[in-house]
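The values are calculated or read from the model by the stated rules, or taken from the named source; none is laboratory data. If you're wondering where the values come from, they're calculated on a predicted model, not measured in any experiment. Backbone-built Cβ (ideal geometry, glycine too); neighbour counts: all protein chains shown. To get the accessible areas, we keep the full protein, side chains included, count just its heavy atoms, and leave off ligands, DNA and RNA. Shrake-Rupley method; radii C 1.70, N 1.55, O 1.52, S 1.80 Å.
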Amino acid sequence: MRKQSCLKGGLMAGALLALAACGKAEAPAAPESAAPEKSVLAEGPAAEISSVAAADLPQGVRDAVLARVPGMKIAEAERKERDGKLFYDVEGTRPDGSPVELDLIEEAEAFRVVEMQRDIAWADAPAPVRAAAAAPDDAFTPARVIESTQEDGTIVYELFAPGKADEPAAEVNWKDGKAVLRTERNEY
């Protein structure tokens with residue numbers, strides 16, 4: 001009798017396991033370091049943008065630019081106001097003729113360079129950066145890539161979607177050999 005009861009219990013347990021296996025499996029929780037499901041960032045706040053001639057740049061902007069890139073020849077600049085903050089994008093060339101763009105922010109009535117930028121080919125971005133950008137469902141091949149070196153040494157790859165030249169659609173941080181798709185855009 002005891003043998004028969006064990007056999008019935010074993011059969012019942014097997015049947016329950018089989019039924020459980022037929023049900024919908026729960027997806028394991030994603031680890032906190034998992035890549036975001038989407039790469040395209042929400043649109044940033046609109047900026048009021050105006051062109052500024054090199055000769056009309058505030059002296060504080062000019063001083064900060066030339067302190068970062070001595071001998072830079074300023075070609076053009078934009079003044080941007082967004083969310084109550086003032087920014088300048090200053091483009092030009094280094095003394096060796098290579099193009100460079102500096103982004104500055106006004107803080108406490110002084111200007112600080114927050115990033116140095118240059119355009120690169122997508123193929124020239126590090127392989128882990130390209131892989132991080134390609135992982136989400138809404139990944140795209142960028143029409144333009146800006147390599148933006150931040151003050152802390154992080155490089156942000158700003159990826160512009162085809163037909164959308166106003167602001168990057170996605171951004172990837174690259175630091176210490178690690179590529180991380182950003183979920184929020186830079187304020188500048």
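Quote the FRET efficiency, to the nearest 0.05, computed for ALA108 versus GLU48 with a Förster distance R0 of 22 Å and r equal to the Cβ-Cβ distance.
E(calc), rounded to 0.05, equals 0.55.
Counting only C-alpha contacts under 8 Å and six or more residues apart, can you give the relative contact order of region 123-174 as a whole percent? Present the calculation step by step, with values, prior to reporting the outcome.
Details: 72 pairs, mean separation 16.0, N = 52.
Dividing the mean separation by the residue count of region 123-174 yields 31 percent.
Taking the Cα centre of region 62-176 as the origin and placing charges on Cβ (Lys, Arg +1; Asp, Glu -1), which of PRO126, PRO70, ALA169 is farthest toward the positive end of the dipole?
Selected residue: PRO70.
Could you report the accessible area of LYS164 in Å², rounded to 10, computed with a 1.4 Å probe on the protein chains as they sit in the structure?
Surface accessible to solvent at LYS164 totals approximately 130 Å².
Quick check: with the 1.4 Å probe, what order do ASP63, ASP83, ASP138 take by accessible area, largest first? Show your work: numbers first, answer last.
On the way: ASP63 80, ASP83 120, ASP138 40 Å².
Highest to lowest solvent-accessible surface, that is ASP83, ASP63, ASP138.
Tell me which residues come under 5 Å, amide H to amide H, from GLU115 once H is placed; ignore anything under 5 positions away on its chain.
ASP103
Need the full-extension length gain, ASP176 to GLU76, defined as separation in residues times 0.36 nm minus the C-alpha distance. One decimal, nm. The partial results should precede the final answer.
Values: separation 100, 0.36 × 100 = 36.00 nm, distance 3.31 nm.
Stretched fully, the ASP176-GLU76 segment lengthens by 32.7 nm.
Once you have the Cα-Cα distance between ALA67 and THR93, take 0.36 nm times their residue separation minus that, and quote the gain in nm to one decimal.
Numbers: separation 26, 0.36 × 26 = 9.36 nm, distance 1.42 nm.
Extra length available between ALA67 and THR93 comes to 7.9 nm.
If I compute solvent accessible area with a 1.4 Å probe over the protein chains, what percent of it on region 69-188 is carbon and sulfur?
Numbers: 2930 of 6290 Å².
Roughly 47 percent, rounded to a whole number.
With a 1.4 Å probe and all protein chains in place, put LYS178, LYS85 in order of accessible area, largest first. If you can, show how the numbers build up before the last one.
On the way: LYS178 140, LYS85 85 Å².
Final ranking, largest accessible area leading: LYS178, LYS85.
Excluding residues fewer than 8 places away in the same chain, name every one of the aspartates and glutamates whose C-alpha is closer than 14 Å to that of LYS85.
GLU48, ASP103, GLU106, GLU107, GLU109, GLU187
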